[in-house]
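S.K.: Sending over a structure as structure tokens; questions will come in a sec.
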């Protein structure tokens with residue numbers, strides 16, 4: 001079925017990750033700039049060919065994978081133009097020579113994850129109202145009970161003692177009122193002073209207007225919070241004057257102001273300016289709208305799923321949403337409707353007038369070069385304060401990157417990322433740091449430890465047995481002499497143009513990279529997903545490190561989006577290069593430098609499945625010898641199942 | 001009488017310009033204009049309305065293509081495998097992509113509409129490639145790809 005192609009043998013010392021079928025020429029970067037540009041161009045064209053084969057199936061993902069510029073262009077409303085060029089390239093590659101990929105049920109059923117939250121079937125999107133109450137973590141989510149695509153949205157519900165072992169509960173809320181007849185959409189929970197819970201959520205009314213509604217547990221003594229009551233006076237907020245009826249959604253958790261009122265923010269837009277509206281309330285039933293906004297950024301489009309919370313400048317624990325003071329910075333985060341990217345910025349909150357000012361306006365919320373929680377597939381994220389363990393925890397919706405036909409055939413679509421703790425990076429002060437919750441370590445089974453030196457141009461099979469459910473923690477060191485090569489040689493230009501997306505993927509070799517792991521690989525590496533570091537000479541001759549995931553060769557299938565994801569990662573003096581990778585069938589989550597840069601990818605191999613899934617370590621650098629120290633754990637399933645009395 | 005004709009002409013011109021303005025921002029102006037003008041709702045629709053008209057065209061084309069596929073089983077039995085794949089893909093367009101896009105545009109969450117519309121183009125392409133250069137459906141596939149990219153451009157204006 002899949003076409004067989006001549007492949008370079010695995011032990012080849014020449015560019016081990018390249019394949020004869022592809023047009024890629026292993027390009028070196030330690031050459032004159034013209035050749036570098038050629039490499040970049042051929043890499044770009046290749047990425048474009050792969051990615052645009054399906055006309056950017058998932059708009060922003062592919063845009064990010066292809067070129068960063070595309071997303072800026074879209075925001076500048078040149079979408080028509082960029083789409084046109086994509087179409088031309090797409091038709092070229094749709095020349096009938098590539099074989100279409102018929103997914104069979106064996107391949108599709110392998111894709112289901114073992115320890116990520118996903119419902120038993122059908123479509124899921126945004127996380128809703130996460131909270132901890134009476135010994136249980138609660139998770140609600142946007143769910144379609146009828147199909148594996150978005151629609152007919154209700155609130156699904158699940159509980160867990162440890163954020164990992166989830167138990168499915170009955171639906172929490174369905175569209176049974178006029179004010180949410182067309183959808184029970186995203187919302188957030190707030191704990192009142194007496195410990196009771198209020199939930200604010202967006203309803204799409206019978207006339208398709210987006211309004212905010214109040215709900216609360218029907219029985220607060222029920223630790224499972226099975227039933228929810230909708231406030232009889234709903235909706236509590238309707239779109240204000242000047243705001244579109246369909247541009248008003250996703251209310252946040254409320255925080256206490258110094259005057260003792262509760263305050264929430266709701267994302268919206270005015271023309272192309274993304275904004276965050278501000279409301280005060282004492283009872284969650286009536287609200288005063290502020291004249292001023294919490295914040296706004298031009299040319300960013302609609303702000304969905306706004307999140308606003310404090311982080312400590314000095315401590316590693318999370319903070320309750322109401323905390324303020326000199327030891328604290330505030331994060332404003334929004335999901336950009338236009339590009340499907342979650343952006344955040346760090347700044348200062350002024351409670352007296354309800355404004356927030358970013359520390360660095362050039363990377364304000366929604367700016368394409370600004371900060372993201374995750375440089376891969378990650379959207380509609382939401383944090384909550386876990387008062388149980390004093391952490392701030394981040395949930396993120398991870399959609400599919402395959403075709404809807406495949407989703408319909410396999411019967412489901414979307415997973416949630418592993419919940420992450422979020423804190424300010426006290427060492428850089430300029431970014432957040434995220435890490436999978438420690439409870440995930442309870443899934444670790446047997447492990448194997450490795451320590452090896454890997455010369456340039458080497459691929460090493462790592463024998464860990466089954467390789468579809470793994471937790472990998474690794475540390476890399478580049479030999480000192482090799483570092484000096486790149487510093488010393490004047491002919492090595494500062495590589496200011498490098499980015500994961502236009503760097504050509506993992507087969508483009510530089511002096512000091514790429515090196516890392518190929519996960520979800522088959523024996524011959526005809527399918528594999530490299531997760532790697534790429535070290536370049538940056539401005540002022542300092543080293544600049546990038547962390548990338550290359551999905552362009554992750555599968556033979558051609559109806560799947562296969563971008564190269566990633567970003568720069570700060571590496572401070574004296575730090576070794578560290579990465580952690582969670583592999584769980586069709587999802588790969590990579591964390592560099594303790595979570596300074598994170599990348600989530602969706603991967604759909606056709607051959608590297610079941611017993612054929614392998615793990616490799618590779619060093620595709622030209623000059624550098626790498627020492628890798630790492631541990632690989634087999635991961636157990638979380639056995640997510642419907643709640644029953646036995647689970648108490 | 002002349003006044004009425006003039007007013008009517010002015011009305012037609014100004015209503016045409018909404019379609020004109022919208023279609024200028026798509027990859028295929030002529031296709032866009034002809035699709036929208038062929039629907040009576042086109043002259044008075046806002047951008048959401050125009051998007052819904054185009055999604056309807058996708059639905060109609062998918063139905064037509066499915067009928068063509070069904071007819072081909074008898075005429076070209078040697079193509080059964082590829083036809084099966086195409087049947088699955090076009091059923092996805094009809095049963096998943098189109099309803100998703102209609103619901104999303106109507107309710108003001110256009111990004112899911114964009115997903116559905118893009119996917120329609122993907123499914124058509126995958127179907128076509130199954131014939132490895134000898135497709136009996138090429139002109140229908142190309143239509144779907146074109147309408148999908150025009151519709152997507154219109155949906156993006158809502159984001």
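The values are calculated or read from the model by the stated rules, or taken from the named source; none is laboratory data. Please read these numbers as outputs of a predicted model, since none were measured by experiment. Glycine also receives a Cβ, built like all others from the backbone with ideal geometry; neighbour counts cover every protein chain displayed.
S.K.: Which residues, taken from segment B:132-153, are surrounded by 20 or more Cβ atoms within 10 Å (Cβ to Cβ) and modelled with pLDDT under 95?
M.R.: Matches in segment B:132-153: none.
S.K.: Exactly one condition in (1) surrounded by fewer than 20 Cβ atoms within 10 Å (Cβ to Cβ); (2) closer than 30 Å to residue A:243 by Cβ; (3) away from every other protein chain (no Cβ under 14 Å) is false for residue A:173; which is it?
M.R.: If we test residue A:173 against (1) surrounded by fewer than 20 Cβ atoms within 10 Å (Cβ to Cβ); (2) closer than 30 Å to residue A:243 by Cβ; (3) away from every other protein chain (no Cβ under 14 Å), just (1) comes out false.
S.K.: May I pose another question? Looking only at residues in segment A:603-622 that are in contact with a strand residue (DSSP E or B) (Cβ under 8 Å, 6 or more places away or on another chain) and more than 30 Å from residue A:428 (Cα to Cα), which one is surrounded by the fewest Cβ atoms within 10 Å (Cβ to Cβ)?
M.R.: If we take residues in segment A:603-622 being in contact with a strand residue (DSSP E or B) (Cβ under 8 Å, 6 or more places away or on another chain) and more than 30 Å from residue A:428 (Cα to Cα), then A:622 is surrounded by the fewest Cβ atoms within 10 Å (Cβ to Cβ).
S.K.: Residue check: is residue B:87 more than 10 Å from chain A (Cβ to nearest Cβ), over 15 Å from the mean Cα position of the chain (by Cα) and farther than 30 Å from residue A:184 by Cα?
M.R.: Yes.
S.K.: Let me ask something else about it. Filter segment A:388-402 down to residues that are touching a strand residue (DSSP E or B) at 6+ places or on another chain (Cβ under 6 Å) and in a loop (DSSP other than H, G, I, E, B) and give me whichever is surrounded by the fewest Cβ atoms within 10 Å (Cβ to Cβ).
M.R.: It comes out as A:388.
S.K.: Consider residue B:151 carefully, then state whether it is part of a helix (DSSP H, G or I) and over 30 Å from residue A:379 (Cα atoms).
M.R.: When the stated conditions are applied, residue B:151 does not pass them.
S.K.: Suppose the filter is under 21 Å from residue A:413 (Cα atoms), at the interface with chain A (Cβ under 7 Å from one of its Cβ atoms) and out of contact with any helix residue (DSSP H, G or I) (no Cβ under 6 Å at 6 or more places or on another chain); does residue B:122 pass it?
M.R.: Yes; evaluated as a whole, the condition is true for this residue.
S.K.: Can residue B:129 be described as facing chain A (nearest Cβ under 7 Å), surrounded by 24 or more Cβ atoms within 10 Å (Cβ to Cβ), free of Cβ contacts under 8 Å to residues at least 24 places away in the same chain and touching a helix residue (DSSP H, G or I) at 6+ places or on another chain (Cβ under 7 Å)?
M.R.: no
S.K.: Name the single residue that is surrounded by the fewest Cβ atoms within 10 Å (Cβ to Cβ) among those in segment B:94-107 being within 7 Å of another protein chain (Cβ to nearest Cβ) and in contact (Cβ under 8 Å) with a residue 24 or more places away in the chain.
M.R.: Result: B:106.
The rows are residues; the columns are (1) more than 30 Å from residue A:509 (Cβ to Cβ); (2) out of contact with any helix residue (DSSP H, G or I) (no Cβ under 6 Å at 6 or more places or on another chain).
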{"residue": "A:413", "(1), (2)": "yes, no"}
{"residue": "A:443", "(1), (2)": "yes, yes"}
{"residue": "A:455", "(1), (2)": "no, yes"}
{"residue": "A:465", "(1), (2)": "yes, yes"}
{"residue": "A:481", "(1), (2)": "no, yes"}
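S.K.: May I ask you to list the residues in segment A:333-346 that are within 30 Å of residue B:152 (Cα to Cα) and assigned to a strand (DSSP E or B)?
M.R.: A:333, A:334, A:335, A:336, A:341, A:342, A:343, A:344
S.K.: Which of the residues belonging to segment A:123-165 are surrounded by fewer than 21 Cβ atoms within 10 Å (Cβ to Cβ), over 22 Å from residue A:401 (Cβ atoms) and touching a helix residue (DSSP H, G or I) at 6+ places or on another chain (Cβ under 7 Å)?
M.R.: A:162
S.K.: Go through (1) on the phi < 0 side of the Ramachandran plot; (2) in contact with a helix residue (DSSP H, G or I) (Cβ under 9 Å, 6 or more places away or on another chain) and name the single condition residue B:108 misses.
M.R.: (1)
Condition check ((1) part of a helix (DSSP H, G or I); (2) crowded, with 22+ Cβ neighbours inside 10 Å; (3) modelled with pLDDT of 95 or more) across all residues:
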| position | (1), (2), (3) |
| --- | --- |
| A:408 | yes, no, yes |
| A:423 | no, no, yes |
| A:439 | yes, no, yes |
| A:450 | no, no, yes |
| A:471 | no, yes, yes |
| A:475 | no, no, yes |
| A:496 | no, no, no |
| A:503 | no, yes, no |
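S.K.: Would it be correct to say that residue A:316 is surrounded by fewer than 24 Cβ atoms within 10 Å (Cβ to Cβ) and either at pLDDT below 95 or in a strand (DSSP E or B) (or both)?
M.R.: Answer is yes for this residue.
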